[in-house]
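Following: one structure in structure tokens, then a few remarks.
The values are calculated or read from the model by the stated rules, or taken from the named source; none is laboratory data. All of these numbers come straight from a predicted model, not from anything done at the bench. Every residue, glycine as well, gets a Cβ built from its backbone with ideal geometry; the counts of neighbours run over all protein chains shown. The protein model used for the area step is the full one, side chains on, heavy atoms only, and it has no ligands, DNA or RNA in it. Shrake-Rupley method; radii C 1.70, N 1.55, O 1.52, S 1.80 Å.
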Amino acid sequence: NLSSWKNRKRVRTLCETGFISVSERRLSLEEEEIGRKYKVPKTILAKLIDTRLLRAEHRVGSVYYELSHDTLVKPILKSRLKRKKTIRIISIGVISVITTILLIIFFVFLYEQHGEKASLFISQGDLFKEKMEYTGAIENYKNALRIDPKNTLVLFKLGNTLALADSRNFEDAANCYKKVIQIDPNNV
């Protein structure tokens, strides 16, 4: 039954590779070999003879099949080439989509990892600042800025902490505020 996808594929493979040589000429194949190698049963071969795609010849106690005419070789090869190109294009498209999805997942993962690490450093910095342990707060804010150097909130917190610290590093604090204004000029 040629309505089955599996049988159509078997017949296509038989016609494209079994009945056509490398030098693009018709080949004859013995009935049992067709059944064994291409899994195309005699009933389907009979239908292909009825549609004049194949012709059968009785030789040496067996039946040999071949394409019914030389003019069928080129269209069959052209169809095979077109299908291979389509499969290649589809494969490239699928690989591109999968690669894009994996890259998105990877970057989301990285973003979440960095975001979580940055927020962890910010939280620890806030705790140190509440306890007036400014050195620990400054270290944590700087670590958060290594992950997200344009985080204006962390720059602002670092500037405030530098101004409060025992060393009263007003110049570095002012530089933090300047960076905030450079990154976000509308930041009040």
Send over the semi-axes of segment 137-188's equivalent ellipsoid, whole angstrom and largest first, taken as the square roots of 5 times the C-alpha gyration tensor eigenvalues.
17, 14, 7
GluC sites (Glu not before Pro) within segment 120-188, DSSP loop, no more than 16 other Cβ atoms inside 10 Å
GLU133
Along its principal axes, what span do the Cα atoms of the chain show, with the longest given first and each in whole Å?
106, 29, 27
Pairs of alpha carbons in segment 1-101 whose separation is greater than 16 Å (percent):
61
Please report, as a whole percent, how much of the solvent-accessible surface of segment 42-188 comes from carbon and sulfur atoms (probe radius 1.4 Å).
62
Among the listed pairs LYS6/LYS74; LYS117/LYS142; LYS42/LYS84; LYS129/LYS178, give every one whose C-alpha distance is greater than 18 Å.
LYS6/LYS74; LYS42/LYS84; LYS129/LYS178
With everything on Cα atoms, drop me the angle between helix 73-130 and the longest principal axis of the chain, reported from 0 to 90° to the nearest 10.
20
Give the cross-link partners of LYS82 among the aspartates and glutamates, using a straight C-alpha distance below 13 Å as the criterion and excluding same-chain residues fewer than 8 apart.
GLU16
Considering only protein heavy atoms, what per residue accessible area in square angstrom results for the chain with a 1.4 angstrom probe?
71
Whole-Hz Karplus ³J(HN,Hα) for segment 150-159, in order, using 6.51 cos²θ - 1.76 cosθ + 1.60 and θ = phi - 60°, x for Gly and Pro?
9, 7, 5, 4, 5, 4, 5, 5, 5, x
